[in-house]
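This report refers to the structure that appears directly beneath it.
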Amino acid sequence: NFVLDTTNLREKIHKLGWFIEGSSKRLINIKVIGDLGNNCFSEGKYISVEIYGNVGSSCGSDVKYSSLIIDGNADEWCCYNAENSSFIINGSTKDKCGHNAKKSHYIIKGDAIFNIRYFHAENSSYRIDGDLSGTNFVGGCSNCEFLTSNRRTLRKLLQFDLKEGTSNRIYFIRANGTKKLRWSN
C-alpha cells in the first residue's frame, strides 16, 4: 500500500508506476493525491490505483487485471489496450479512451470525446454519463455495450456506426437505475 502526494511538485511526474506488477494474490494498492503526467501506470499488472487529480495522456494504457479510479480529467489514449480491468473516471476524457480494450469496463462520469476513425474493443463496457462529442466513431467492436443516462449522449451513440462490429448493444439507464436496451446488432 502506497500513498503519494504530488500536489507540491513543480512539474508533473511522467511514467510513474510504469511496468509495476503485483500478483493475483497480492495487488499493489496505490493512492496518488495530485496531478500526474503522461504514461503513468502503463503496462501495470494486478494494480489498484486511486488518483485524486488529473492525468496526462496514456495513463493506464496496456494494464492487465487492474483497476484505476481517476478523480479528475484524463487526457487522450487513457486506459487503452486494457485487458480484464476496470476504470472509473470522475471527470472528462479526451479522445481514444478505452480503445482496443478486452474484457474491461469503463465508467466516465464527465464528458467524453470519441473522434477516432476505427475504435476497436472486445467484450467491454462503456458507460458515459456526461456529454459525448466527436463525429467519427466507427469500428470493429464486438460484444460490447454502451450505456448512458444522458439523452443527448444516447442520441449520439445511436448515430454512431457500430454496425461494422458484432453483438454490440446500446442501453439507456433510467432514473431508477434500470437499463433499457435501445439498439443491438
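The values are calculated or read from the model by the stated rules, or taken from the named source; none is laboratory data. A quick note: this is a predicted structure, and the numbers were derived from the prediction, not measured. Note that each Cβ is placed from the backbone with ideal geometry, even for glycine, and that neighbours are counted across all protein chains shown. These area figures cover heavy atoms from the full protein model, side chains too; ligands, DNA and RNA do not enter into them. Shrake-Rupley method; radii C 1.70, N 1.55, O 1.52, S 1.80 Å.
Which ranges mark the strands (runs of 3 or more DSSP E) fully within region 1-85 that have 1 or more residues being among the hydroxyl-bearing types (Ser, Thr, Tyr)?
Values: elements: 2-5, 28-33, 47-52, 67-70.
Result: 47-52, 67-70.
Quick check: is even one residue across region 43-53 open to solvent by less than 50 Å² (accessible area, probe 1.4 Å), within 27 Å of SER23 (Cβ to Cβ) and free of Cβ contacts under 8 Å to residues at least 24 places away in the same chain? Yes. Take SER149 and decide whether it is surrounded by fewer than 19 Cβ atoms within 10 Å (Cβ to Cβ) and at pLDDT below 95. Criteria not met by SER149. Taking residues in region 167-183 that are at negative phi and surrounded by fewer than 15 Cβ atoms within 10 Å (Cβ to Cβ), and partners anywhere that are assigned to a loop (DSSP other than H, G, I, E, B) and modelled with pLDDT of 95 or more, the pairs with Cβ atoms closer than 7 Å and at least 6 places apart or on different chains are LYS180/ARG174. Sub-6 Å Cβ pairs linking a first residue in region 142-153 that is touching a residue at least 12 places away in the same chain (Cβ under 8 Å) and within 14 Å of ARG174 (Cα to Cα) to a second residue that is open to solvent by 50 Å² or more (accessible area, probe 1.4 Å) and outside any loop (DSSP other than H, G, I, E, B), at least 6 apart or interchain, are LEU147/ARG127, ordered by first then second residue.
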